[in-house]
Amino acid sequence: MARKPPGKHRRREIRTVGLMIDLYQKHHPAADGDDKYRRLFDYAVNRLERCYFGEEKPACKHCPIHCYQPARREEIKAIMRWSGPRMLLRHPILAIRHLIDNHRPVPDYPAPKTDARK
């Protein structure tokens, strides 16, 4: 089954994450080259494309489903913590949209289906 392409909101999130990683990478070059950051970006894109909530997704830090692996989650948090304030100067519109998105309501998580055959 083919995945539905990301909509406007998720495309903007992918762009924002990519710019944050690029900004961080310029000031914190990895010892093993750029491959580390490319893999992290690919992982983030994969997570955004597979998000359970789709276009209604909340900010990842408020999401009831933590789909990032713990180590990757810490990596992206460190990058966002460092890049976030600097994004206001370099990409102010995207940064403000990202801040607004952080206040989106968290959609209800559906209750698990019960087995009616009991």
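The residues listed here are Asp42, Asp34; of these, the one that is acidic (Asp, Glu) and at pLDDT below 80 is Asp34. Among the residues making up the range 53-87, a single one is basic (Lys, Arg) and not in a helix (DSSP H, G or I): Lys57.
On inspection, Ile14 passes the criterion of being more than 12 Å from Ile76 (Cα to Cα) and surrounded by 12 or more Cβ atoms within 10 Å (Cβ to Cβ). Among the residues of the range 61-93, the ones that are in contact with a His (Cβ under 8 Å, 6 or more places away or on another chain) and not basic (Lys, Arg) come to 3 in all.
Looking at the range 69-78, is at least one residue in contact (Cβ under 8 Å) with a residue 24 or more places away in the chain and in contact with a Pro (Cβ under 9 Å, 6 or more places away or on another chain)? Taking every residue of the range 69-78 in turn, none turns out to be in contact (Cβ under 8 Å) with a residue 24 or more places away in the chain and in contact with a Pro (Cβ under 9 Å, 6 or more places away or on another chain). Among the residues of the range 2-19, the one identified as modelled with pLDDT under 90, part of a helix (DSSP H, G or I) and in contact with a Leu (Cβ under 8 Å, 6 or more places away or on another chain) is Arg10.
Of the residues contained in the range 53-63, none is found to be under 27 Å from Pro92 (Cβ atoms), surrounded by 13 or more Cβ atoms within 10 Å (Cβ to Cβ), at pLDDT 85 or above and touching a Lys or Arg at 6+ places or on another chain (Cβ under 7 Å). Pairs meeting the criteria (first residue in the range 38-57 and touching a residue at least 12 places away in the same chain (Cβ under 8 Å), second residue among the small types (Gly, Ala, Ser) and assigned to a helix (DSSP H, G or I), beta carbons under 7 Å, at least 6 apart or on different chains) are Phe41/Gly18. Taking the conditions exactly as written (of a type in the set (Gly, Ala, Ser) and either at pLDDT below 90 or surrounded by 11 or more Cβ atoms within 10 Å (Cβ to Cβ) (or both)), does Ala71 satisfy them or not? Considered against the rule, which asks whether it is of a type in the set (Gly, Ala, Ser) and either at pLDDT below 90 or surrounded by 11 or more Cβ atoms within 10 Å (Cβ to Cβ) (or both), Ala71 comes out as no.
The values are calculated or read from the model by the stated rules, or taken from the named source; none is laboratory data. Quick caveat: nothing in here was measured; it's all calculated off a predicted structure. Positions of Cβ are generated from backbone atoms using ideal geometry, with glycine treated the same way; all protein chains shown enter the neighbour counts.
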